[in-house]
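Heads up: the structure comes next, in C-alpha cells.
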Amino acid sequence: MSRRVSQGRSGPRRIAALLSAIACGSVLVSCSSDSGDSGSGSASPRPTPPNASNFTGTPPSAIASAASSIIESATGRASSAAASVSARASEFAASVSADTARAAATAEKQLKDVKGSGNATSDVSMTGLPTAETGGLRAVVVTITNNTDKTASYAVQVDFKNPDGKVVETAFVGKENLEPGKKAQPVVISRQPAEPQLTPVLAKAQRY
C-alpha cells in the first residue's frame with residue numbers, strides 16, 4: 001500500500017521539475033538574446049559613424065572629376081562670353097567702316113583748310129551709343145540736318161578729349177548731297193581704350 005502512495009507522489013514532482021527546467025531554459029535564451037553587455041551574446045554592437053574631420057588625403061576621383069568639370073564649364077562660358085563681345089565689337093566696327101570710310105576721307109579733305117569751327121555747327125548734334133550695342137566700343141551718332149533750302153554736302157570733325165581736356169583722337173564723318181530738310185546719321189568710333197573716359201566734342205562742321 002505504501003509503495004503505491006510513493007509512486008503517486010513522484011509523478012507530480014517529476015512534472016514540476018520538468019516544467020521548472022523548461023522555464024529556466026527559456027529565461028537563459030532570452031537573456032543571451034537581449035543583453036548587450038554579455039561577451040558571449042549573439043548580437044553585434046552598433047557601428048559608430050566615422051569622424052569626417054579626421055579624413056586626410058585627396059577626394060575620391062569621382063568628386064575630383066565633377067569639380068574639375070564644373071570649373072572647366074565656368075571657364076568655358078566666360079571665354080565664350082568674352083569672344084562674343086569681341087565678335088560684336090568687330091562686326092559693329094566693320095559695318096560702320098563700310099558705310100563711312102569714303103565719306104570720312106572726303107570730310108577730312110574738305111575741313112583741311114577750314115578756319116575755326118566752320119559754318120554748319122548749328123546743323124549738327126551728337127548722341128552717344130550704349131556700349132552694350134557696340135560690343136564695348138565708344139561710339140557717337142552724328143546727326144546732320146540740312147536746314148537750308150538747297151541740297152548741300154557736309155563735313156564734320158569730332159575730337160575725343162581726356163579728363164584733362166587734351167585731344168587724344170580725332171574722327172571725321174560727312175554726308176554728300178543731303179536734300180533740304182533731310183537728316184543723315186553717320187557714326188564715329190573711338191579706337192582708344194575704355195579708360196580713361198573720353199568725351200566727344202564737335203570740333204568743326206562745314207557745309208559746302
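The values are calculated or read from the model by the stated rules, or taken from the named source; none is laboratory data. Quick caveat, the model's predicted, so the values are computed rather than measured. Cβ: placed from backbone, ideal geometry, glycine included. Neighbour counts: every protein chain shown. Keep in mind that these areas ignore ligands, DNA and RNA; they rest on the heavy atoms of the full protein, side chains included. Shrake-Rupley method; radii C 1.70, N 1.55, O 1.52, S 1.80 Å.
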Tell me, which residue of segment 152-166 that is on the phi < 0 side of the Ramachandran plot and small (Gly, Ala, Ser) is surrounded by the most Cβ atoms within 10 Å (Cβ to Cβ)?
155
All positions within segment 108-120 that are of a type outside the set (Lys, Arg), within 47 Å of the chain's Cα centre (by Cα) and surrounded by fewer than 16 Cβ atoms within 10 Å (Cβ to Cβ)
117
Inspect all residues belonging to segment 193-200 and state whether any of them is out of contact with any helix residue (DSSP H, G or I) (no Cβ under 6 Å at 6 or more places or on another chain), surrounded by 15 or more Cβ atoms within 10 Å (Cβ to Cβ) and within 19 Å of residue 105 (Cβ to Cβ).
no
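Residues of segment 192-208 being within 38 Å of the chain's Cα centre (by Cα) and touching a residue at least 24 places away in the same chain (Cβ under 8 Å), which ones? It would help to see each step written out before you state the result.
The first filter runs over segment 192-208 and keeps only residues within 38 Å of the chain's Cα centre (by Cα), leaving 192-202.
Passing the criteria: 192, 194, 196, 197, 198, 199, 200, 201, 202.
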What is the number of the single condition among (1) out of contact with any Ser or Thr (no Cβ under 8 Å at 6 or more places or on another chain); (2) modelled with pLDDT of 95 or more that residue 161 does not meet?
(1)
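State the number of residues belonging to segment 186-208 that are within 15 Å of residue 155 (Cα to Cα) and modelled with pLDDT under 95. If you could, list the steps in order and put the result at the bottom.
Filtering segment 186-208 for residues within 15 Å of residue 155 (Cα to Cα) gives 186-188, 201-208.
Of the ones still in play, those that are also modelled with pLDDT under 95 are 186-188.
Residues meeting the conditions: 3.
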Would you check if residue 169 is among the acidic types (Asp, Glu), open to solvent by 40 Å² or more (accessible area, probe 1.4 Å) and outside any loop (DSSP other than H, G, I, E, B)?
no
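With respect to residue 147, determine if the residue is touching a helix residue (DSSP H, G or I) at 6+ places or on another chain (Cβ under 6 Å) and polar (S, T, N, Q). Show your work before the answer.
On the way: touching a helix residue (DSSP H, G or I) at 6+ places or on another chain (Cβ under 6 Å): yes; polar (S, T, N, Q): yes.
So residue 147 fits the description; yes.
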Restricted to segment 99-137, and to residues that are assigned to a strand (DSSP E or B) and either aliphatic (A, V, I, L, M) or modelled with pLDDT under 90 (or both), which residue is farthest from residue 208 (Cα to Cα)?
126
Being open to solvent by less than 70 Å² (accessible area, probe 1.4 Å) and closer than 18 Å to residue 112 by Cβ, is that true of even one residue in segment 128-151?
no
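Taking segment 175-192, which residues are outside any strand (DSSP E or B) and open to solvent by 80 Å² or more (accessible area, probe 1.4 Å)?
179, 182, 185, 191
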